Every structure is written in C-alpha cells, then in structure tokens.
Amino acid sequence: MKTLSLCWIGLALLSLVTVGFGSAGSGALMAGGVLVAALGKAWLIVDRFMELHRAPRFWRGLLLAWPLAMAAAIGLTLALR
C-alpha cells in the first residue's frame, strides 16, 4: 500500500479510538486517551502525510512540538480542575 493510504487508515482508526474514548464517559483516563490519540494523529500528519520525516530537524521539531504543547496545556488544565 502507498504511504498516504496507510496514513489515511491510521488516521481513521485513531479517530475511531477518539470517538470510543469520548463516548465511554468522562474522566482523566478518558481525556488522556483522547489526547494520546490526538498526538498520534498529529505525528502521522506531520511525519507521513506532510513527509517531514526527511525535513530539517528544526521544522519537524517545531511542527511536532505544537501539538505536544497543546496536549500538555489541556492536560494541565484538566488536572487543575
């Protein structure tokens, strides 16, 4: 299979995981699962769909750091609630 097809399948599966966590209820574990799935989706998009796995480390790191920072901010907000 081509890379984009595998990327699409991975994104679809991670979306199903996110929906599963979201419909299972609320709580820190569920929110953590959604955030981990979102980080997996961000990694797939940056590394495979955008093909930045061959890009300079600065650009790849910058685009991977943003979803990580957002997940950390959301996780911290939920933890302090």
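Derivation of every value follows stated rules applied to the coordinates shown; laboratory data play no part. Quantities reported herein were computed from a predicted structural model and do not represent experimental measurements. So basically every Cβ, Gly included, is an ideal-geometry build from the backbone, and we count neighbours across all protein chains shown.
Evaluate the following for Leu35: is it free of Cβ contacts under 8 Å to residues at least 40 places away in the same chain, surrounded by 14 or more Cβ atoms within 10 Å (Cβ to Cβ) and under 25 Å from Cys7 (Cβ atoms)? Let's see the steps before the verdict.
Numbers: free of Cβ contacts under 8 Å to residues at least 40 places away in the same chain: no; surrounded by 14 or more Cβ atoms within 10 Å (Cβ to Cβ): yes; under 25 Å from Cys7 (Cβ atoms): yes.
Answer is no for this residue.
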Open item on the list: I'd like the full set of residues that are in contact with a Lys or Arg (Cβ under 8 Å, 6 or more places away or on another chain) and touching a residue at least 12 places away in the same chain (Cβ under 8 Å), limited to the range 39-81.
Closed with: Val46, Asp47
- [ ] Consider only pairs whose beta carbons are under 7 Å apart and that are at least six residues apart or on different chains; among these, list those whose first residue lies in the range 1-30 and is on the phi < 0 side of the Ramachandran plot and whose second residue is in a helix (DSSP H, G or I) and charged (D, E, K, R).
- [x] Thr3/Arg48; Cys7/Arg48; Leu11/Lys41; Leu14/Lys41
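A quick yes/no check of all residues on (1) in contact with a helix residue (DSSP H, G or I) (Cβ under 9 Å, 6 or more places away or on another chain); (2) not in a helix (DSSP H, G or I):
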{"residue": "Leu6", "(1), (2)": "yes, no"}
{"residue": "Thr18", "(1), (2)": "yes, no"}
{"residue": "Gly25", "(1), (2)": "no, yes"}
{"residue": "Leu29", "(1), (2)": "yes, no"}
{"residue": "Gly32", "(1), (2)": "yes, no"}
{"residue": "Arg48", "(1), (2)": "yes, no"}
{"residue": "Leu63", "(1), (2)": "yes, no"}
{"residue": "Leu76", "(1), (2)": "no, no"}
- [ ] Would you confirm whether any residue within the range 2-20 is in contact with a Phe, Trp or Tyr (Cβ under 9 Å, 6 or more places away or on another chain) and exposed (fewer than 13 other Cβ atoms within 10 Å of the Cβ)?
- [x] yes
Task: Enumeration of residues in the range 1-43 that are within 29 Å of Arg54 (Cα to Cα), within 16 Å of the chain's Cα centre (by Cα) and among the β-branched types (Val, Ile, Thr) - done: Ile9, Val17, Thr18, Val34, Val36
Open item on the list: Quick check on the range 50-61: of everything there that is more than 15 Å from the chain's Cα centre (by Cα) and not in a helix (DSSP H, G or I), which residue is farthest from Ala12 (Cα to Cα)?
Closed with: Pro56
